[in-house]
Amino acid sequence: MIELDRLSVDIRGTPILRDVSLSLAAGEVFGLVGESGSGKSMTALALMGLLPKGARATGAIRLDGEDLLGLSERQMCDRRGRVLGMIFQEPMTALNPVQTIGDQVAETLLIHGRAGRAEARDAARRMLDRVGLTADRFPLTRYPHELSGGQRQRVCIALVIALRPRLLIADEPTTALDVTTQAGILDLLGRLVREEGMALMLITHDLAVTARIADRVAVMEKGRIVETAPTETLFRQRRHPYTRALFGASTHQPDRMPATGDAPLLSVEGVVRDYRLPRRTVLGPTPMFRAVNGVSFTLRQGESLGLVGESGCGKSTLTRAILGLEPVQAGRITLGGQTISPAMPNAMRARMQVVFQDPYGSFNPRHKVERLIAEPFHLTGRPADAGKRIDAALREVGLSPDDRHKYPHEFSGGQRQRIAIARALITRPSLILLDEAVSALDVRVRAQVLDLLADLQARHGLSYLFVSHDLSVVRRITDRVMVMNAGEIVEAGETAQVFRAPTHPYTKSLIAAAPTIPEAWREEETADAG
Amino acid sequence: MTRYLLTRFASLFATLLAASLVIFALLEVVPGDVAAVMLGLNAAPEAVAALRDQLGLDAPLVTRYVTWITGFFTGDLGTSYTYRVPVAELIAARLWVSLPLAIYALALSTVIAIPIGLIAAMRAGRPADSAIMGVTQLGIAVPNFWFAMFLVLIFAIQLRWFPAGGFSGWDKGLWEGLRSLTLPALALAVQQASIMARVTRSATLETLDQDYIRTARAKGLSRTQTVLRHALRNAMIPVLTILGLQFSFLLAGAIIIENVFYLPGLGRLIFQAITQNDLIVVKSVVMLLVFAIVLVNFVVDLAYAAVDPRLRARA
């Protein structure tokens with residue numbers, strides 16, 4: 001039905017895509033996987049005729065025999081939304097914030113002249129029902145900011161399927177969503193494809209997601225498709241070295257020793273954290289929201305403890321309380337026996353450092369690496385051998401001492417995360433909080449950073465509190481894990497045990513929702529290696 | 001929404017109260033005895049004392065403050081020291097020139113600025129954009145009095161379409177009044193429109209970078225449809241901010257243009273009052289301007305909420 005024939009794209013002379021050929025049949029789910037910069041999204045934008053300025057496409061994109069590359073912009077406008085639909089990664093920003101969801105869904109019909117106003121409104125209602133947003137809770141007059149990420153992604157799907165396009169392209173549609181929400185969206189997409197006979201091109205960096213719903217998968221590397229095969233065949237055989245590398249990285253198990261020490265390092269006892277909400281009436285009482293409700297746990301010296309939960313469960317709030325950034329309303333947090341509070345002395349803060357998710361946003365772009373890494377010295381006073389320690393920290397994270405004179409923009413995402421780890425190490429802390437520290441990284445880079453973390457832990461006896469929504473990562477690098485839901489720890493225990501036999505219903509639903517590559521498909525890996 | 005309105009109202013009154021206290025206090029500490037100035041250097045002390053009494057200058061501070069504020073509601077703001085006419089009448093007459101002039105100039109500026117700002121944004125980096133950016137740069141750089149004289153030379157002296165100066169008054173009909181305000185309004189609008197066009201352009205460019213624009217394009221909207229249906233309203237917030245600031249400026253800041261066109265506006269009134277130490281006029285005109293500016297900001301706040309549903313929800 002749709003066929004890409006030796007599609008190549010250049011942007012101002014730089015090759016972006018090279019000889020991309022693939023085809024999709026109606027009712028088929030086609031997975032396109034690869035790391036960032038591999039050309040997955042460019043392939044989608046080329047299909048939609050929405051390539052950035054200065055881009056030139058050659059080859060052919062045939063939809064039911066018609067070459068889309070030969071069409072004028074006006075003709076493409078007619079095809080987009082009617083026969084070609086696309087949804088994007090970031091549902092939080094994908095909808096116009098000042099228009100109601102009803103108007104945004106109805107617009108697809110109006111713009112293509114397929115319905116009058118009243119008719120379009122009725123159709124919008126039907127579409128929202130179709131994607132699971134019912135009239136009682138989601139009237140057409142709702143605005144996007146009143147909806148959660150998963151609900152917004154459902155609105156995006158509704159507006160894209162309103163005209164039953166022949167091809168639906170979904171570019172990382174669930175990457176920004178929680179696992180249970182992700183499962184819901186993937187199921188919805190799968191159902192729509194079957195019921196409407198659409199073709200779905202699912203673009204993702206996550207092999208497990210394609211394993212869950214794709215019929216066929218293509219692997220992209222540096223603008224080329226290196227391997228295309230039915231999903232199961234691709235996962236079992238892994239013909240191309242790049243496919244093997246990706247597969248290996250996504251199931252990579254860092255070489256780490258289980259924690260041995262018994263000495264408690266961080267102790268959290270009955271911690272409660274309340275937030276004020278805006279008042280409902282002018283003089284009424286201030287309503288409170290309990291973000292963390294009676295949480296207790298102990299983190300031992302040299303141990304890796306995972307904290308998993310979905311967005312809004314309170315894990316970030318708990319993290320901020322542990323860092324002593326916000327006061328707690330009840331309970332006590334101690335580090336090495338001393339109480340943590342916003343008023344604690346700097347020397348204590350120096351014993352605990354943090355690495356955040358976003359390697360792009362957490363550095364001042366105008367500071368050099370040297371200054372960024374030395375920042376925590378304001379807690380301890382700048383030691384005489386500061387220069388040496390900066391060099392040592394850079395070497396420890398696998399960078400070169402010469403990198404100290406560079407600016408953050410000169411580094412890749414993985415390297416920046418290494419800089420963030422070097423910054424965390426500089427005060428020689430005993431505890432490092434890793435707040436979604438590898439979530440933004442590509443699988444291969446992620447595997448390297450996880451190795452680095454395991455290595456540093458072994459060398460320095462560090463303790464990690466690993467906060468993440470990504471169950472597969474937590475599973476691979478923690479000794480114990482805690483599952484948080486609605487401000488409470490609902491289950492805690494040895495990581496292997498919790499994942500093998502979860503007891504709490506919430507943990508069960510979380511593990512069931514997380515996409516995984518079936519065990520059976522992995523086996524041949526050992527056969528290959530042997 | 002009610003909450004939003006109430007908080008805006010509360011802040012409106014608080015600002016007005018604070019401003020009135022500051023204005024009153026400032027003019028109290030200004031040196032110089034008004035009565036002595038009015039009667040000249042050789043006045044007898046008794047005469048000065050009598051005048052002070054007549055002007056109510058000897059009353060306690062609080063009484064004078066309250067009298068002044070209540071005067072705003074009753075229309076009795078005292079008598080000008082130099083013109084010897086009621087201040088309220090003086091201000092009202094000038095307001096009938098300045099307010100229409102400000103609105104006229106702002107309307108012209110908006111009508112010019114928003115379309116050309118949008119065109120520049122849609123053609124960013126292309127010749128049309130460069131041309132608009134160049135012209136608006138010039139519009140900001142050229143002083144408005146120079147531009148005013150230029151307009152007078154062409155449209156008043158050469159073409160004789162509009163009067164070169166003076167104000168006919170509204171008695172001769174709306175058209176005559178507008179005719180005498182057209183050149184001044186245009187002279188004022190050029191600079192304001194240049195600023196607003198640039199703000200519109202950059203705000204629109206910023207919204208065109210947003211994800212929801214990509215969604216709209218994927219639905220099949222053309223570039224122009226995307227701008228008009230999705231980008232414009234989202235770009236309005238910074239534009240509204242500028243609009244509010246410009247109105248406030250135009251109301252009182254048109255003094256040079258008022259001089260060029262010999263218009264009896266508020267700017268000239270306040271300038272004369274200051275040079276003549278006519279503090280009672282200064283006090284009330286300044287308060288009136290503060291009131292107008294606070295009111296404009298209030299309206300702008302309401303406009304924000306009308307444009308952006310998230311603001312309605314937050315408050």
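The values are calculated or read from the model by the stated rules, or taken from the named source; none is laboratory data. Quantities reported herein were computed from a predicted structural model and do not represent experimental measurements. Using ideal geometry, Cβ is built from the backbone for each residue, glycine included, and neighbour counts are taken over all protein chains shown. Ligands, DNA and RNA are excluded from the accessible area calculation, which covers all protein heavy atoms including side chains. Shrake-Rupley method; radii C 1.70, N 1.55, O 1.52, S 1.80 Å.
A single member of A:Ser23, A:Ser36 is free of Cβ contacts under 8 Å to residues at least 24 places away in the same chain and surrounded by fewer than 18 Cβ atoms within 10 Å (Cβ to Cβ), and it is A:Ser23.
Where helices (runs of 4 or more DSSP H) fall wholly inside the range B:20-79, the ranges with 3 or more residues that are farther than 25 Å from B:Val290 by Cα are B:34-39, B:45-55. If the condition is being part of a helix (DSSP H, G or I) and out of contact with any Gly (no Cβ under 8 Å at 6 or more places or on another chain), then the range B:161-175 contributes B:Asp171, B:Lys172, B:Leu174, B:Trp175.
Kindly indicate whether any position in the range A:140-149 is more than 30 Å from A:Met1 (Cα to Cα) and basic (Lys, Arg). Yes, that holds for at least one residue.
Suppose we keep only residues that are within 28 Å of A:Leu167 (Cβ to Cβ) and β-branched (Val, Ile, Thr) within the range B:208-239. Which one would you say is surrounded by the most Cβ atoms within 10 Å (Cβ to Cβ)? Filtering the range B:208-239 for residues that are within 28 Å of A:Leu167 (Cβ to Cβ) and β-branched (Val, Ile, Thr), the one surrounded by the most Cβ atoms within 10 Å (Cβ to Cβ) comes out as B:Thr215. In this entry, A:Ala512 is excluded by the filter for residues that are out of contact with any Pro (no Cβ under 7 Å at 6 or more places or on another chain), open to solvent by 20 Å² or more (accessible area, probe 1.4 Å) and at positive phi. Flag set for B:Val239, criterion: within 14 Å of chain A (Cβ to nearest Cβ), closer than 22 Å to B:Ile103 by Cα and among the β-branched types (Val, Ile, Thr). Among the residues of the range A:153-176, just one is surrounded by fewer than 21 Cβ atoms within 10 Å (Cβ to Cβ) and either free of Cβ contacts under 8 Å to residues at least 60 places away in the same chain or in a helix (DSSP H, G or I) (or both), namely A:Arg164. In the range A:269-304, what residues are within 30 Å of B:Ala10 (Cα to Cα) and either in contact (Cβ under 8 Å) with a residue 60 or more places away in the chain or under 27 Å from the mean Cα position of the chain (by Cα) (or both)? If the condition is that a residue be within 30 Å of B:Ala10 (Cα to Cα) and either in contact (Cβ under 8 Å) with a residue 60 or more places away in the chain or under 27 Å from the mean Cα position of the chain (by Cα) (or both), then A:Tyr275, A:Phe289 are the ones that fit. Counting only strands (runs of 3 or more DSSP E) wholly contained in the range A:282-346, the ones carrying 2 or more residues that are charged (D, E, K, R) and touching a strand residue (DSSP E or B) at 6+ places or on another chain (Cβ under 8 Å) occupy A:288-300.
More than 28 Å from A:Pro345 (Cα to Cα) and polar (S, T, N, Q), is that true of A:Gln357? It is false that A:Gln357 is more than 28 Å from A:Pro345 (Cα to Cα) and polar (S, T, N, Q). Taking B:Phe261 as the residue in question, decide whether it is away from every other protein chain (no Cβ under 12 Å) and touching a Pro at 6+ places or on another chain (Cβ under 6 Å). Yes: the conditions hold for B:Phe261. Only residues that are under 20 Å from B:Leu57 (Cβ atoms), in contact (Cβ under 8 Å) with a residue 12 or more places away in the chain and open to solvent by less than 60 Å² (accessible area, probe 1.4 Å) were counted in the range B:8-30, giving 5. Restricted to the range A:235-268, and to residues there that are farther than 30 Å from A:Ala458 by Cα and more than 24 Å from the chain's Cα centre (by Cα), the residue that is most open to solvent (accessible area, probe 1.4 Å) is A:Arg239.
Candidates B:Leu232, B:Leu205: the one that is away from chain A (no Cβ under 12 Å) and aliphatic (A, V, I, L, M) is B:Leu205. Counting residues in the range A:181-195 that are among the hydrophobic types (A, V, I, L, M, F, W, C) and in contact with a strand residue (DSSP E or B) (Cβ under 7 Å, 6 or more places away or on another chain) gives one or more. For A:Ile340, the conditions (1) under 12 Å from A:Leu431 (Cβ atoms); (2) exposed (fewer than 15 other Cβ atoms within 10 Å of the Cβ) are fulfilled apart from (2). Of all residues in the range B:122-130, none satisfies being open to solvent by less than 60 Å² (accessible area, probe 1.4 Å), of a type in the set (Gly, Ala, Ser), part of a helix (DSSP H, G or I) and farther than 30 Å from A:Pro52 by Cα.
Being open to solvent by 10 Å² or more (accessible area, probe 1.4 Å) and closer than 27 Å to B:Leu178 by Cβ is not true of B:Phe261.
Of all residues in the range A:193-216, those being in contact (Cβ under 8 Å) with a residue 40 or more places away in the chain and part of a helix (DSSP H, G or I) number 9. The strands (runs of 3 or more DSSP E) falling completely within the range A:1-95 that include 3 or more residues that are away from every other protein chain (no Cβ under 14 Å) map to A:2-11, A:14-24, A:29-33, A:55-63. For the range A:423-430, the condition of being open to solvent by 30 Å² or more (accessible area, probe 1.4 Å) and within 14 Å of the chain's Cα centre (by Cα) holds for none of the residues. With the condition kept exactly as written, say whether any residue in the range B:140-160 is among the charged types (D, E, K, R) and either in a helix (DSSP H, G or I) or at pLDDT 90 or above (or both). No; the residues of the range B:140-160 include none that is among the charged types (D, E, K, R) and either in a helix (DSSP H, G or I) or at pLDDT 90 or above (or both). Restricting attention to the range A:396-428, the residues that are under 16 Å from A:His367 (Cα atoms) and β-branched (Val, Ile, Thr) total 1. Being open to solvent by less than 40 Å² (accessible area, probe 1.4 Å), touching a Ser or Thr at 6+ places or on another chain (Cβ under 9 Å) and within 27 Å of A:Lys508 (Cα to Cα) is the filter; apply it to the range A:137-150 and report the residue that is farthest from the other protein chains (Cβ to nearest Cβ). Filtering first and then ranking leaves A:Gly150. Would you check if there is a residue in the range B:294-304 being within 14 Å of another protein chain (Cβ to nearest Cβ), open to solvent by 20 Å² or more (accessible area, probe 1.4 Å) and either modelled with pLDDT of 85 or more or under 18 Å from B:Leu243 (Cβ atoms) (or both)? Within the range B:294-304 (the criterion being within 14 Å of another protein chain (Cβ to nearest Cβ), open to solvent by 20 Å² or more (accessible area, probe 1.4 Å) and either modelled with pLDDT of 85 or more or under 18 Å from B:Leu243 (Cβ atoms) (or both)), the answer is yes, since at least one residue qualifies. Please verify whether the range B:264-274 includes one or more residues that are open to solvent by 30 Å² or more (accessible area, probe 1.4 Å), within 14 Å of chain A (Cβ to nearest Cβ) and aliphatic (A, V, I, L, M). The answer is no, given that none of the residues of the range B:264-274 is open to solvent by 30 Å² or more (accessible area, probe 1.4 Å), within 14 Å of chain A (Cβ to nearest Cβ) and aliphatic (A, V, I, L, M).
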